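Working notes for the structure below.
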Amino acid sequence: MNWLVRFSLGLPARPADAKDVRDLLPELQNHNWRPAKRHLLVWLTDDIYSSDEFVHALRRWVASVENAQKSSSSPARWPAQDCPLHLNRPHAASATGDEDSELFLRYQLAAGGPNSKPPRDSFFDLVRKVHPEADRPREVILTDPYIYTDVSEDGLEGGFNNLVGYLNTLGIEQSDDFTLTTTPSPKRGGKTSKHNLQRLLRKRFSNLKFKDFSPKLAFHDRLYIVRHKSGALRGLFGPSLNGLSSQAIVLMGELTDPQPMQRIKSWLG
């Protein structure tokens, strides 16, 4: 049971650990399965997990191996030197493996439109691909100026519930300690709307803290940035949350290029 020692010490899972866990607990593959015992003490740590919490943490730990394997099996750069992604990139002509010359796969998609499902599910699928389950968020930063407006331009309600769905998709649980950072200058949403949303979120996430980013920053685009426990900054762009239930055509994608992500990091601190 070497995997349990590594898990208890907070060490990353290895492929061999993931295999041992799956062989011992094949039930983990069934997300509807719940353990019968109510409490479980994990030694070597000061934490006491309920059985459900332990199973959830173990699923995330094993999934981190799968995410790492997917990343390592994807090409870091396009082999063809005339690939369009090489154009207009610094040092592209003399790439030597340094960080500036790395090419990244981009998750981008268009969703919505006539005779199609609203983009909500596609957006949440993208969130799952961008953010690893094993690295919990400690700050969620939203630049959407309509964040405190529950109703979309189409007159459809659901913006607040979509925000809850986004936070759940990030893997944030009810007792997790994290900060939600939003715009100090929202549009079409006053103090009452802000109060209503924060009250809703506090019911769902008991250790949530709120703050605004600097009023000196004025974002035009809707950016969904997550600062993870590891310190990594990841994110995506897309529509307003209150528009995810409409039939409007939207473009969304992962923010992967180091240059804009570095700029975003310098702006947000």
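Some points to look at:
- Cβ charges +1 (Lys, Arg) and -1 (Asp, Glu), total dipole of the range 110-231, debye: 420 debye
- For the range 128-253, the share of accessible area belonging to carbon and sulfur comes to 48 percent (1.4 Å probe, ligands and nucleic acids excluded).
- Extended-chain gain in nm, criterion 0.36 nm per residue less alpha-carbon gap, residue 36 and residue 249: 72.1 nm
- Accessible area (Å², per residue) of the range 168-269, counting only protein heavy atoms and a probe of 1.4 Å: 53 Å²
- Farthest toward the positive end of the dipole of the range 166-239, out of 183, 213, 196, is the Cα of 196, where the dipole comes from beta carbon charges about the Cα centre.
- Remark: for residue pairs 216/265; 117/187; 209/229; 129/203, the C-alpha separation exceeds 19 Å in 117/187; 129/203.
The values are calculated or read from the model by the stated rules, or taken from the named source; none is laboratory data. None of these values were measured; they are calculated from a predicted model. In this analysis, Cβ positions are derived from the backbone assuming ideal geometry, glycine residues included, and neighbour counts consider all displayed protein chains. Accessible surface areas use protein heavy atoms only, side chains included; no ligands, DNA or RNA. Shrake-Rupley method; radii C 1.70, N 1.55, O 1.52, S 1.80 Å.
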